[in-house]
1. How many residues does the range 100-128 contain that are hydrophobic (A, V, I, L, M, F, W, C), in contact with a helix residue (DSSP H, G or I) (Cβ under 7 Å, 6 or more places away or on another chain) and either in a helix (DSSP H, G or I) or farther than 24 Å from Asp41 by Cα (or both)?
2. In the range 121-136, which residues are modelled with pLDDT under 95 and of a type in the set (A, V, I, L, M, F, W, C)?
3. Return the pair list, or none, for Cβ contacts closer than 8 Å from residues in the range 147-165 that are open to solvent by 60 Å² or more (accessible area, probe 1.4 Å) to residues that are among the aliphatic types (A, V, I, L, M), at least 6 apart or on different chains.
4. Can you run down the residue pairs with Cβ atoms below 8 Å, 6 or more apart or on separate chains, where the first is in the range 84-102 and at positive phi and the partner is of a type in the set (A, V, I, L, M) and open to solvent by 20 Å² or more (accessible area, probe 1.4 Å)?
5. Does Leu37 satisfy the criteria of being in contact (Cβ under 8 Å) with a residue 40 or more places away in the chain, outside any helix (DSSP H, G or I) and in contact with a strand residue (DSSP E or B) (Cβ under 7 Å, 6 or more places away or on another chain)?
6. With respect to Leu81, is the statement that it is in contact with a strand residue (DSSP E or B) (Cβ under 6 Å, 6 or more places away or on another chain), over 13 Å from Ala99 (Cα atoms) and either in a loop (DSSP other than H, G, I, E, B) or not aromatic (Phe, Trp, Tyr) (or both) true?
7. State all residues of the range 74-99 that are surrounded by 18 or more Cβ atoms within 10 Å (Cβ to Cβ), in contact with a helix residue (DSSP H, G or I) (Cβ under 7 Å, 6 or more places away or on another chain) and farther than 14 Å from Ala52 by Cα; if no residue qualifies, say none.
8. Using the structure shown, decide if Ser47 is under 19 Å from Leu29 (Cα atoms), part of a loop (DSSP other than H, G, I, E, B) and of a type in the set (Ser, Thr, Tyr).
Amino acid sequence: EQFIVIGATQLGESLDHHPELRAAMPSVLGLRDLTALIPADARQRSSLDVAAAQELARVFWPTRAYARARAVLARHRFVVLTGPPEMGKTAIARMVALAQMTDGWEAYECTSPDEVRRAFDSGRRQVFVADDAFGSTEYRPDAAELWARELGRLLQALDDRHWLIWTSRPAP
């Protein structure tokens, strides 16, 4: 057997050149300054709190749920992460968004379909995170109705350059 030992510089260069590796293991995004990996214009247009997401990356472990969410997004451009509070839904959504930003995507946290529509640009790669789409502490029928009215149009607009991530607690 032959072993190859690489140093921090070589490891960093490899991570810089392989966005799919960063997406598979977003914990590495908490270890360095991301300025060189996130284009300034994409960062400026995005509403994702990059600093908070990077802090989260330091302690995030890519679970099977994370890998499954990425696979569903790659195939369908839309994923719903659901479960009880404090199970990691928001963390998964933010790690997907942060990893995509390091590949030139814009990332938006949206509370309504109107926010998605306003930010949507067919010429840019964008990921939209609708965290607690139906309410954060209790079910909000008004929020659910907004999404229900617009979801068909939003889903039709999604493609390999536009993804939508919903998080929600279980239905009432």
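1. Counting residues in the range 100-128 that are hydrophobic (A, V, I, L, M, F, W, C), in contact with a helix residue (DSSP H, G or I) (Cβ under 7 Å, 6 or more places away or on another chain) and either in a helix (DSSP H, G or I) or farther than 24 Å from Asp41 by Cα (or both) gives 2.
2. Ala130, Ala133, Phe134 - these are the residues of the range 121-136 that are modelled with pLDDT under 95 and of a type in the set (A, V, I, L, M, F, W, C).
3. Matching pairs, first to second residue: Leu155/Leu164.
4. Gly88/Ala65
5. Working: in contact (Cβ under 8 Å) with a residue 40 or more places away in the chain: yes; outside any helix (DSSP H, G or I): yes; in contact with a strand residue (DSSP E or B) (Cβ under 7 Å, 6 or more places away or on another chain): no.
Against the criterion (in contact (Cβ under 8 Å) with a residue 40 or more places away in the chain, outside any helix (DSSP H, G or I) and in contact with a strand residue (DSSP E or B) (Cβ under 7 Å, 6 or more places away or on another chain)), Leu37 does not qualify.
6. yes
7. Answer for the range 74-99, where residues must be surrounded by 18 or more Cβ atoms within 10 Å (Cβ to Cβ), in contact with a helix residue (DSSP H, G or I) (Cβ under 7 Å, 6 or more places away or on another chain) and farther than 14 Å from Ala52 by Cα: Val79, Leu81.
8. On the way: under 19 Å from Leu29 (Cα atoms): yes; part of a loop (DSSP other than H, G, I, E, B): yes; of a type in the set (Ser, Thr, Tyr): yes.
So Ser47 passes the test.
The values are calculated or read from the model by the stated rules, or taken from the named source; none is laboratory data. Small disclaimer: the values here were computed from a predicted structure and weren't measured. Glycine gets a Cβ as well: all are built from the backbone with ideal geometry, and neighbour counts include every protein chain shown. Side chains included, ligands, DNA and RNA excluded: accessible areas come from the protein's heavy atoms. Shrake-Rupley method; radii C 1.70, N 1.55, O 1.52, S 1.80 Å.
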